[in-house]
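Okay, so here's the structure we're looking at.
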Amino acid sequence: MFLIPCPWCGEREESEFSYGHEAHIVRPEDPEKLSDAEWANYLFMRTNPKGPHLERWVHTAGCRRWFNVARNTHTNEILAVYLMGEKPPKNLAKEPVKGAKS
Amino acid sequence: MIDTYRLRSPLAHLGLDARARAEADISGTGVIISERPQAGLINIRGDVSDARFVTAIEKSIKLSPPTVPNTVVGKPSTTRLMWLAPDEWMVITRPSGAERALKALQKNLKIADLHSSVTDTTEARTCIRVSGPRAREVISKGCSIDLHPSAFGPGQCAQTVVSRVGVMLAQTANSKTHQPTYELYPLRSFATYLWNWLEDASAEYGVKVE
């Protein structure tokens, strides 16, 4: 169990939240122009790192808002929390997905 | 508005009125719990940065939507406005004031012609009040929020989990005896479970029904 700082409600217990998925996965502009491999990459392939990971969480039992969390998957340390639509901290930003327009 | 004859407390089967009469002497009791008469609960959503939205609400219930997360404005004895999310609030009225508040909000937000919503959720939840010198300890047994007076007091609210039940939690102004009073608003299908849990959690301090 660890605490997650909701951008609205402040620090709350992890059990109040639900994990969504990896953040900043942008839908390709022209899916029909992609190869099957590139489309599959967009749909299914995730980074799954041991270390810092950008992900989406929702404060299910609280304000029910989605937001971004940068979390170390190894230690559960929360490195940053930022709102939807905001860019990740520069030191944590990752390479964009191929075929995606960021 | 829902026909009044259909309104029935989710805790009606517990016979709380009879217990309250039998336990009228509450002196020396650690925890006093009671179910409040069905308050009006009206959910509002809209853009608080739009002055027309704020004006329409002020015109309807004479309160401005709070923008500080997890705060409540207004008096428990009349109408309150509770922050639920950056674009979502709950109007809590006295049982008799629900219909008038609902109609005024619907009318004024319709006139303002905004992207907003007003939903009567009165029957979705009930209100359980927990008070007494040990009230804070009891709720803390099932709730991870810091309820110490330095962190949580009257005028603040939270949507959180108490013993695995999602509730709206608010501390109302301290009662006449200067003891903390909390209100828990669980969904009605969880009300019996939460009530039973509260009674069990309060047993060691002495519990009575008001």
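Kindly establish whether B:Ala51 is out of contact with any helix residue (DSSP H, G or I) (no Cβ under 8 Å at 6 or more places or on another chain) and closer than 26 Å to B:Pro186 by Cβ.
Considered against the rule, which asks whether it is out of contact with any helix residue (DSSP H, G or I) (no Cβ under 8 Å at 6 or more places or on another chain) and closer than 26 Å to B:Pro186 by Cβ, B:Ala51 comes out as no.
Would you tally the residues in the stretch A:56-78 being farther than 23 Å from B:Met82 by Cβ and either touching a residue at least 60 places away in the same chain (Cβ under 8 Å) or within 14 Å of chain B (Cβ to nearest Cβ) (or both)?
3
Of all residues in the stretch A:61-75, which are under 21 Å from B:Ile44 (Cβ atoms) and in contact with a helix residue (DSSP H, G or I) (Cβ under 9 Å, 6 or more places away or on another chain)?
Hits for the stretch A:61-75 are A:Ala61, A:Gly62.
Looking at the stretch A:6-27, which of the residues that are under 15 Å from the mean Cα position of the chain (by Cα) and assigned to a strand (DSSP E or B) is surrounded by the most Cβ atoms within 10 Å (Cβ to Cβ)?
In this case the residue turns out to be A:Cys6.
Listed here are the residues, each with its yes/no results for (1) away from chain A (no Cβ under 14 Å); (2) modelled with pLDDT of 95 or more; (3) surrounded by 15 or more Cβ atoms within 10 Å (Cβ to Cβ); (4) under 15 Å from B:Gln159 (Cβ atoms).
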| site | (1), (2), (3), (4) |
| --- | --- |
| B:Phe53 | yes, yes, yes, no |
| B:Lys59 | yes, yes, yes, no |
| B:Pro69 | no, yes, yes, yes |
| B:Pro76 | yes, no, yes, no |
| B:Ala85 | no, yes, yes, yes |
| B:Glu88 | no, yes, yes, yes |
| B:Gly97 | yes, no, yes, no |
| B:Ala104 | yes, yes, yes, no |
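With the condition kept exactly as written, say whether any residue in the stretch B:146-164 is away from every other protein chain (no Cβ under 13 Å), crowded, with 16+ Cβ neighbours inside 10 Å and either over 30 Å from A:Leu3 (Cα atoms) or in contact with a Phe, Trp or Tyr (Cβ under 9 Å, 6 or more places away or on another chain) (or both).
Yes; the residues of the stretch B:146-164 include at least one that is away from every other protein chain (no Cβ under 13 Å), crowded, with 16+ Cβ neighbours inside 10 Å and either over 30 Å from A:Leu3 (Cα atoms) or in contact with a Phe, Trp or Tyr (Cβ under 9 Å, 6 or more places away or on another chain) (or both).
Being surrounded by 15 or more Cβ atoms within 10 Å (Cβ to Cβ) and either out of contact with any Lys or Arg (no Cβ under 8 Å at 6 or more places or on another chain) or away from chain A (no Cβ under 14 Å) (or both) is the requirement here; does B:Ser116 meet it?
Judged against the criteria, B:Ser116 is a match.
Filter the stretch B:28-51 for residues that are hydroxyl-bearing (Ser, Thr, Tyr) and either surrounded by 15 or more Cβ atoms within 10 Å (Cβ to Cβ) or within 11 Å of B:Val91 (Cα to Cα) (or both) and give the result.
B:Thr29, B:Ser34
The values are calculated or read from the model by the stated rules, or taken from the named source; none is laboratory data. Remember, predicted model here, so these are calculated numbers, not experimental data. Every residue, glycine as well, gets a Cβ built from its backbone with ideal geometry; the counts of neighbours run over all protein chains shown.
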